[in-house]
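No value in this document is a laboratory result; all are computed from the given coordinates. Predicted model only: the values in this text are computed from it and were never measured. Note that we place each Cβ from the backbone using ideal geometry, even for glycine, and neighbour counts take in every protein chain shown.
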Amino acid sequence: MPAEATAAPKGVRARNLIKQFLQVFLPLSVAFGLIVAYIYFSELKRERLVHQADGASHIKLGKQLLREELESVVSDLMILARHTEFSGTGPKQPGPGRLDHLEREFLIFTEKKRRYDQIRLIDTRGMEVIRVNFNAGRPGIVPQERLQDKRHRYYVRDTLRLGMGEVFVSPLDLNIEHGKVEIPPKPMIRFATPLFNGEGEKRGMVIINYLASRLIEKFNDVVADANNHVMITTADGFWLSSPQSALPQDPGAGHGHKFESRFPQIWERIRQSDSGQFYGGDGLITFDTIYPASEARQASHGTSPATHGSGRRRDKGDSWKIVTRLPQRALDAGVHRIITKLALIAGPVYMLLIAGGWWLATVRTQRLQAEDELRRRARQQAAVAQFGQQALSGVGLDALMNMIVKQVAEVLGVEYCKILELLPGGEAFLLRAGTGWKPGLVGLATVPAGMDSQAGYTLASSDPVIVRDLRQDARFDGPRLLRDYGIVSGMSVIIHGGNQPFGVLGAHTSRQQEFTKDDIHFLQAVANILSEAIALESARAKTHLQTSALEATAEGIVITDRDGNIQWVNTAYTRLTGYAFDEVVGRNPRILKSGKHDRAFYKDLWDTIVSGRTWHGELWNKRKDGSLYPEEETITPVLDDTGEIIHFVGIKRDITERQQLQRQLQQAQKMEAIGQLTGGIAHDFNNILVSIMGYTELAREEIRRYRDGKLERYLDEVYNSGRRARDLVAQMLAFSRGGEMELKPLLLAPLLKESLKMLGSTLPSSIELHTEFEEGLPPVMTDPVQLQQLVMNLCINARDAMEGRGSMTIGLRRISGMAAECRSCHERVTGDHIELFVQDAGHGIKPDRLDRIFDPFFTTKEVGKGTGMGLSMVHGIMHGHHGHILVDSQPGRGSTFRLLFPLAGGRADAADTEDGGKSRPPQQLLDAHILVVDDETSVGQFLAELLENHGARVAVETDSHAALENFRADPEAFDLVVTDQTMPGLSGAELAQAMLRIRPALPVVLCTGYSDQVDEAGAKALGIRGYLEKPLASDAFLRRISELLREVPAGAKGAATREKL
């Protein structure tokens, strides 16, 4: 095999591989990205929930600690109040013995609790009765002479105002002794409650100075695991405990360190509510509020709120804020951990995804390439088999060569193929057969057989010759035949003969193309078949059983003796019949008889072959499994040297698929013939209608002068009949064209009634036709022509089902709340519809056939009585209407086809408003000179009279070439041209183009009875401003002429008209 042959072009393989990779990798990448994004956001959400829960937990823990500590202090206060009592009813102090007892109890209480800086008993005058100082852990009783007068202190005044069981709680401040802040500063919270004697008289109060620093220390110990990000502030934003240190100083006398100063934006949000959690620029903030006075009030079980220093309620102003702040860097660290974790996992997975996608794309590309090669190889093998069969069938060598060059060019995808025969002497080749070359070259042109030509080089070489680019090939120069046609790539092989080569088989293309090994094998196989065919031509009797020909064909081959006993069959025969080789050898071919042919058929076959002639025909045979199949068979007798028959060779081919394709082709050709016939009739018929309707209209104009109403009615009927004929032609054209549907809202009842009129010639009188139309039905979106096709198909089916006798009902009704399944598309059908039904009393449809009745070409009618396309067209039309089909049928009881149309949801379009041509056209046109061109004399004369009756001067031409010469002689003589489209010589469009090249501003009106060459859009594209379809409506025709003449500027009018103007 030459090195130039390749499996497939590398560029194509690379493009296919990249395409497959992208098709696989892009969806996987998107899916993988979505998964990674989902995991990332899920992890981020979980991380945030953990942080939020952690912050809320520390807030809750700190608040619980503060609440418990305050409740404990109030509890101690109430214990002291219950154990402290004054005797007597006056303002006297307790006796010395009683005072000593109370002093010792206060001292013991202070030593035990170790959290109170002072415990005092003060009488109603504000004088200290008892005071015990903590003294930094060494409690002591203050002597009587050192007791002080506290009546001017706010906490004394406010406590005296309280009732029994009420508690006073002061704001957090510093202890003052002798009018000065005690050094070192001691942050205090004072708790006090009034004392009453047995008669309910107020006799004094108990006051506890609580060391607030102990509260802050306990708070910090509890939240120590929060990395110093838990804080306490006052209502004014002063820190009681900060991330750096505790700052428990009174704002008026202390440091002035405020939360607001460091975190102004956070404080602005915190101070507006009691609790919450939010993300800010500084991190995650969680906060809550505690009101010491309220907590004390709840601890004392009192119903009145505690009061404070000035006697006013101070709950809001004396609140504390517990705040946790998780810095943004901590949040960012969590995000970075998530990203790092995902990167470590997703990176390798993504690389695996790329590798897997590339591997899968490679596999898919190889599979697609293999499938493409198999298909190409199958086409080549089929062609080789066909060539072999033709060679064996005895077809002439020239016919075989002509067939081969055409099919080889088609299979290889090249423009040129040739068979060169080496002439006697070996100096030149003759172009024996070819395709793509100019007519007259085959059989006459010669090519040099020297080494400077590709054919000569091939002849001297033992291998096929492949040329990628003839312009750059240094092995030989391209002969003139190849250079003249711009040949670039090609390949050639030797066609071997008997004693010397017969010639060369070549395939060439004018574009650069790489040929595969399969292409070379195919061309070599064809050359081999040509060699065999050439040998068969000279010695057919001796070469019928050559192995090469038998193996080259895919058809079944059987060889029998003179009596018909099978001696040999090929593999294709065993596949075709189902019998193994050993099962048929020695037996007679009658084992394949199907029973579908009579004795005369087989007698004629046998008589033909025993007489020495070849029998060729089609017949039905039966396989081993009992199934029947059609086959095409050629049986050829083999003669010995004396002319006696010694063998018969049969070549069999299963033609099941071919017969089906032939039936489909015949149907398609029949439909095409109907369309062509309709188009041809339409043109001539419309021309006739132009004259009939036109002259009728002229006659009606004349008769109105005499006021003969009876004659005018007669002419009206003639015109209306012409209209119906025009509509009939339009419907036939719509059917033959198979155009797209134009849906518009219409009422079905009038359309059905019109369709039923056309059924009169279709249905025999032995069928009773009934209608059931529900009144007041809304419109549906429909195409009248397609609707008529629906009705015709269903009624014809019903007629055939009843075999021309019975009762048929066509009806309309509204169906509400529909819930069913469409029989043709199997979609669910719901809602409201208008139902058109056709019911027959025929033989019905078997249940096992209901799902196939809408399949193209499926029919239960006898061959020749149905195409199997009727219900397929119904399916297509209905679903073009967005509708559905239901079928009710029982064998022996008839069928009902129910067509469901969705409601249009609007008003129906107005019906055809033509008045039979009674509208009045313009009485006078502009004074114009008009040229009318129509090969139908009657049409031209009618148009002339019509235009002259309305003020125009008209010249009529029936020959398009004469009309053009007339126009060329004086292009300015005419203001407007009216021309038919379909005429001998020049068509209307061609005539208009020629005139417009001479005078571009000339108004031209193109009239056509039927044309598949030009439509209105095509006419406008050519510069033709008027387009009308025959038969012409006079008023519309005259209005269009008048409009075009008015559109022409005065300077562009014809010379004759300008002179008159």
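Rounded to 0.05, the FRET efficiency of the Gln298 and Val50 pair, given R0 = 41 Å and the Cβ-Cβ distance, is 0.80. As a length-normalised measure over Cα pairs under 8 Å and 6 or more apart, the relative contact order of region 929-1060 settles at 24 percent.
Here's how it looks for Val638: its modeled amide H is under 5 Å from those of Ile646, His647, Phe648, Val649, which are all 5 or more places away or on a different chain. Which FRET efficiency, nearest 0.05, do Lys218 and Ile35 yield, Cβ-Cβ r, R0 51 Å? Computed FRET efficiency for Lys218 and Ile35 comes out at 0.55.
Annotation for region 92-154: trypsin sites (Lys or Arg not before Pro) lying in DSSP loop with at most 16 further Cβ atoms inside 10 Å of their Cβ are Lys92, Arg114, Arg125, Arg151. Pair-distance distribution P(r) for region 748-902, from all Cα-Cα distances in 10 Å bins starting at 0: 11, 43, 38, 8, 0 percent. If the segment from Ala973 to Asn588 were pulled out straight at 0.36 nm per residue, it would be longer than the present Cα-Cα gap by 129.8 nm.
Counted residue by residue at 0.36 nm each, then reduced by the alpha carbon distance between them, the extension gain from Phe196 to Asp282 reaches 25.6 nm.
Take the Cα of Glu657, step 7 Å along the line toward its Cβ, and report every residue of region 376-400 whose backbone nitrogen sits under 11 Å from that point. Residues passing the 11 Å test: 379, 382. For Gln513, the residues 5 or more places off, or on other chains, whose built amide H falls under 5 Å of its own are Ser489. For Met127 and Ser72, what is the calculated FRET efficiency with R₀ set at 25 Å and r taken between the beta-carbons, to the nearest 0.05? For Met127 and Ser72, the calculated efficiency is 0.30.
Note on Asp641 and Glu260: their simple-model spin labels are 13.3 nm apart, each label 7 Å out from Cα toward Cβ.
What the phi angles of region 201-218 give under the Karplus curve with 6.51, -1.76 and 1.60, with θ = phi - 60°, is a coupling list of 8, 6, 10, x, 7, 10, 10, 10, 8, 7, 6, 5, 5, 5, 4, 5, 5, 5 Hz, glycine and proline written as x.
Once both labels are positioned 7 Å from their Cα atoms along Cα-to-Cβ, the gap between Asp563 and Arg151 label points is 16.0 nm.
Of the trypsin sites (Lys or Arg not before Pro) found in region 561-667, those that fall in a DSSP loop while having at most 16 other beta-carbon atoms within 10 Å are Arg562, Arg587, Lys596, Arg613, Arg623, Lys624.
For Ile930, the shell of other residues with beta-carbons less than 10 Å away shows a net charge of -1, using +1 for Lys and Arg and -1 for Asp and Glu. The slack between Lys19 and Arg475, meaning 0.36 nm per residue of separation minus the straight C-alpha distance, is 160.4 nm. Between Asp888 and Asp851, the simple spin-label model (points 7 angstrom out along Cα→Cβ) gives 2.3 nm.
Using the Cβ of Lys202 as centre and a radius below 12 Å, the other residues enclosed give a net charge of -1, where K and R count +1 and D and E count -1.
In this structure, the amide hydrogen of Cys825, modeled 1.01 Å from its nitrogen in the peptide plane, lies closer than 5 angstrom to those of Ile885, counting only residues at least 5 positions away or on a different chain.
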